[in-house]
1. Give the ranking of Met84, Met141 by solvent-accessible surface, highest area first, calculated with a 1.4 Å probe.
2. If r is the Cβ-Cβ distance from Lys196 to Arg256 and R0 is 35 Å, what FRET efficiency results, to the nearest 0.05?
3. When only the heavy atoms of the protein chains count and the probe is 1.4 Å, how do Lys89, Lys27, Lys237 rank by accessible area, highest first?
4. Send over a whole-number figure in Å² for the accessible area per residue of the chain, probe 1.4 Å.
5. Angle, helix 2-14 long axis vs. longest principal axis of the chain, Cα atoms, 0 to 90°, nearest 10?
6. From Cα pairs below 8 angstrom and at least 6 apart in sequence, can you work out the relative contact order of the range 2-257, rounded to a whole percent?
7. Percent of Cα-Cα pairs more than 33 Å apart in the chain, please.
8. Which value at 222 nm does the chain reach when only helices count, each DSSP H run of 4 or more adding -39,500 (n - 2.57), with the total divided by all residues and rounded to the nearest 500 deg cm²/dmol?
Amino acid sequence: MKSILLSASLLLVAIPPAALAQDSKDKPEDTEQWSPAVPVVASGGSETASPPSDATVLFGGKSLDQWVSVKDGSAARWTVADGMMTVLKGAGNIQTRQSFDSYQLHLEYRIPAGITGQGQARGNSGLFLASTGPGDTGYEMQILDSYHNDTYVNGQAGAIYKQVPPLVNPVRKPGEWQSIDVVWTKPVFAADGSLKSPAYLTAFLNGVLVQNHAELRGETTYVGKPSYKPYDRAPIKLQAHGDQSKPISFRNIWVRELPEIAR
Ligand code: MG
């Protein structure tokens with residue numbers, strides 16, 4: 001009897017909190033942080049960084065060869081024209097063919113001039129640093145029109161969604177190209193699936209630091225608390241958000257995989 005009780009309690013201990021179902025009473029508002037407000041700063045001039053010689057070019061302006069549809073793994077169907085790719089909302093999220101460990105990544109994006117909507121329904125997309133499943137699963141750095149557009153601060157441009165607000169708001173107005181540069185340090189899991197070392201994000205928006213080695217508490221979720229699920233290598237995903245605002249465009253995307261650090 002004792003040993004049954006013992007193994008039963010061991011079993012309970014062995015189930016990570018991540019595996020437990022979210023409380024059905026959780027609401028999206030529960031994880032919205034609205035204050036303090038994020039200071040606005042003006043970024044410097046516009047920049048287009050040429051890829052370093054050791055980078056993998058994920059989008060050079062002509063082809064979506066490096067990208068597939070998250071839904072079914074078929075060829076990505078976003079629109080490519082004039083050196084940029086533009087979200088095709090019905091086609092859903094896209095992700096890289098390749099999977100990555102930790103990396104440095106550069107991308108440029110443009111919220112269309114004349115964007116409409118407000119809050120989260122205004123130029124919403126997202127850079128999923130590691131896409132661990134379909135839909136919106138993974139680790140999202142928010143892309144949003146945050147130019148005179150209030151929303152919860154942990155959901156504005158440059159936020160680690162519902163986890164860490166950006167340090168400042170250096171966004172440009174709709175119609176202008178903007179840049180994101182990140183250093184993604186992936187989470188490390190032990191052989192039994194438990195978390196050995198969390199994920200970290202350092203990010204620059206328009207050349208201004210918005211995340212400084214920020215620790216993630218797990219995958220970013222719309223509802224409920226973040227939690228980690230073990231994975232090893234993962235693709236990078238771009239979000240086709242379901243809101244009705246005009247779709248945003250991307251160009252000049254490259255990545256450099258980084259050597260693993262002992263952790
Ligand atoms: Mg988003």
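1. Details: Met84 30, Met141 0 Å².
I get Met84, Met141, largest accessible area first.
2. On the way: r = 24 Å, r/R0 = 0.68.
Efficiency, from the Cβ-Cβ distance: 0.90.
3. Details: Lys89 65, Lys27 110, Lys237 0 Å².
I get Lys27, Lys89, Lys237, largest accessible area first.
4. Numbers: 12740 Å² over 263 residues.
Ligands and nucleic acids excluded, the result is 48 Å² per residue.
5. Roughly 10 degrees between the two axes.
6. On the way: 625 pairs, mean separation 75.0, N = 256.
Result for the range 2-257 is 29 percent.
7. Details: 6605 of 34453 pairs.
I get 19 percent for the Cα pairs in the chain exceeding 33 Å.
8. On the way: 1 runs with 13 residues, N = 263.
Rounded to the nearest 500, it is -1500 deg cm²/dmol.
The values are calculated or read from the model by the stated rules, or taken from the named source; none is laboratory data. Since the model is a prediction, treat every value here as computed from it, not as a measurement. Backbone-built Cβ (ideal geometry, glycine too); neighbour counts: all protein chains shown. What goes into the accessible areas is simple: the full protein's heavy atoms, side chains included, and nothing from ligands, DNA or RNA. Shrake-Rupley method; radii C 1.70, N 1.55, O 1.52, S 1.80 Å.
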